1. Going through Arg268, Arg263 one at a time, which residue ends up being surrounded by fewer than 22 Cβ atoms within 10 Å (Cβ to Cβ), basic (Lys, Arg), in a loop (DSSP other than H, G, I, E, B) and at pLDDT 85 or above?
2. Touching a helix residue (DSSP H, G or I) at 6+ places or on another chain (Cβ under 7 Å) and either among the acidic types (Asp, Glu) or modelled with pLDDT of 80 or more (or both): is that true of Ser191 in this structure?
3. Considering only residues that are more than 26 Å from Thr475 (Cα to Cα) and of a type in the set (Gly, Ala, Ser), which ones fall in region 301-346?
4. Against the condition farther than 23 Å from Lys213 by Cα, in a helix (DSSP H, G or I) and of a type in the set (A, V, I, L, M, F, W, C), how does Phe379 come out, does it pass?
5. Would you confirm, using the coordinates I've provided, whether Phe75 is more than 25 Å from Lys130 (Cβ to Cβ) and crowded, with 20+ Cβ neighbours inside 10 Å?
6. I need every pair where a residue in region 333-345 that is among the small types (Gly, Ala, Ser) has its Cβ under 8 Å from the Cβ of a residue that is modelled with pLDDT under 85, sequence separation at least 6 or different chains.
7. Considering only residues that are at pLDDT below 90 and farther than 17 Å from Ser191 by Cβ, which ones fall in region 271-281?
8. Which of the residues that make up region 80-111 are in contact with a Pro (Cβ under 9 Å, 6 or more places away or on another chain), in a helix (DSSP H, G or I) and buried (at least 17 other Cβ atoms within 10 Å of the Cβ)?
Amino acid sequence: MIPTIVVFAYLATVLYIGVFAFRRTQGERPAEDFFLAGRSLGPIVFLLSLFGTNMTAFAILGSSGHAFTNGIVTFGLMASSSALIIPLGMLLLGTRVWALGRRFGFITPVQMFRDRWECRHIGTVIFAVKALLLVPYIIIGMIGGGTAFAAISGGRIPTWLGAAIVGLVVMSYVFFGGMRGTAWVNTFQTSLFLVFGAVALGVIGYGMGGFEKAISEMNGSPILSAWLTREKISPAYFFSYTFIPLSSLTFPHITIFWLTARRMGQFRKTIILYPLCILAIWLPATFLGLVANRAADVPAIARKIEARQTLLTQGSTLTPEERQELRTQSSGDDILLQLLQHYAPLWLAGLLGAGILAAVMASDSQILALSTMFTEDVFAFYEGRERFGEAAQVLTGRIFVVLLTVVAYVVAIRFPQPIFDLAVQYAFSGFASLTPLMVGALFWKGSTKWGALATTLWTALAVSGVAVFQVVYTTPQVVWSVAGLDLLVRTQSGTSIAGFMPVVPMTIISTILMLLVSSLTPKPGAGTISRYFSN
């Protein structure tokens, strides 16, 4: 229980930070202070909290688990493209959103869309779709929290209880501290898991007798022969992952974080240091996920390797229930934690386990973002603030935090999914498809509310279609083929459309709809356009 006690001490520290932030709440403008920390975050807090809110359980547990199954290619799929696209997007989009937020007082992206396109209820539709797409991301945090606690405690704390503990802690400091508490906690957590990567790499490598020895033993291991000789990832599939980082430019929690900066100059340091932070997190996580295939002396990992071998060699002869059971058994989401439990001293395993939990708990920003959007884009927009006051608006936001956390917890426990696949297929693909909304609003005078509506509805329809397709077709198979070209395929981990992941056609069609529908529909008034595009 020593690592578990260390982790509980860490959770108590995080909770205290949130309560301390609550005591620093300003009384003059309670809504802006709660939801945007008074637009006063300094450069260090801005960088670390912005990076931390993007590096959830997906970056630590998901990446190592995906690398355990697929190899070091995981780093190329996500980290390399993210290190380029996300900083570039912050330079082009983030600075402009910050300037418009300062000028017009926006708190959420939907407020900007409503003002830019002179729309009312279409903004509510955009809010609803963004909210639904963000829920899977919050569920990832719950799954990661339960997985982390179960592994750290050696099974003494079951997954459902671990998820409940993490959810309760996150809900508490978001409830009390708002954006200021979330930003301070993220700064503390990001500092912790940035250090974690280097320390874990050294400790696990030493415990394995050196990585050179581990890699050479992997190459000669018959246990891994089927995995090492699997068909390589196709160029089309690899290219699809360059679309995934676009989602970080349309995530509500990222857009809202852009608005919290004290001054625009803070973006400069963030853009420069962001790729280095990605390297510090993703490289150790993916590499350790890879070398975990050598750790057959760890009983839990040996069972995962055996289940994966069975799935690869006998998958076509198994029932859907048996395949799902094997996928669950072979999941690598807890690989890093298993390595720490086996190769690190107990006290150090607890500290490093707290570092992993720090990344898992970054779902706090998503919860706060949805609360912010609900109170501003629904409660306040439909005259709730005028009727009940600004204090009631903040209270409504806190109640929404509680309800959302409970719903995400129930879904995570009832329908567990591999973290990496859940994030990519639903949250990331959906928000990447909404990129034309942000680009059109900021840079194209001819964009209209009807083009925005078409893009939003298409995204909702496409994500729902992928979900239904994967429920109907549960086994890998070619569903639609024309002239020898496999146009629609149910793969082991998701869906393939003409060799690409769904995010590619989704984003392309969204862009076409924005261009086509906007060209055929009335533009906003000249006064609105001049406000957004004047010198």
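The values are calculated or read from the model by the stated rules, or taken from the named source; none is laboratory data. Only a predicted model underlies this, so the values are computations on that prediction, with no experimental measurement involved. Neighbour counts run over all protein chains shown; Cβ positions are idealised from the backbone, glycine included.
1. Only one candidate qualifies: Arg263.
2. Taking the combined requirement at face value, the residue satisfies it.
3. The answer is Ala344, and nothing else.
4. yes
5. Here the answer is yes, as Phe75 does meet what is asked.
6. Ala344/Ala200; Ala344/Val203; Ala344/Ile204; Ala344/Gly207; Ala344/Leu352
7. None - no residue of region 271-281 is at pLDDT below 90 and farther than 17 Å from Ser191 by Cβ, so the list stays empty.
8. Ser81, Ser82, Ala83, Ile85, Ile86, Pro87, Gly89, Val97, Pro109, Val110 - these are the residues of region 80-111 that are in contact with a Pro (Cβ under 9 Å, 6 or more places away or on another chain), in a helix (DSSP H, G or I) and buried (at least 17 other Cβ atoms within 10 Å of the Cβ).
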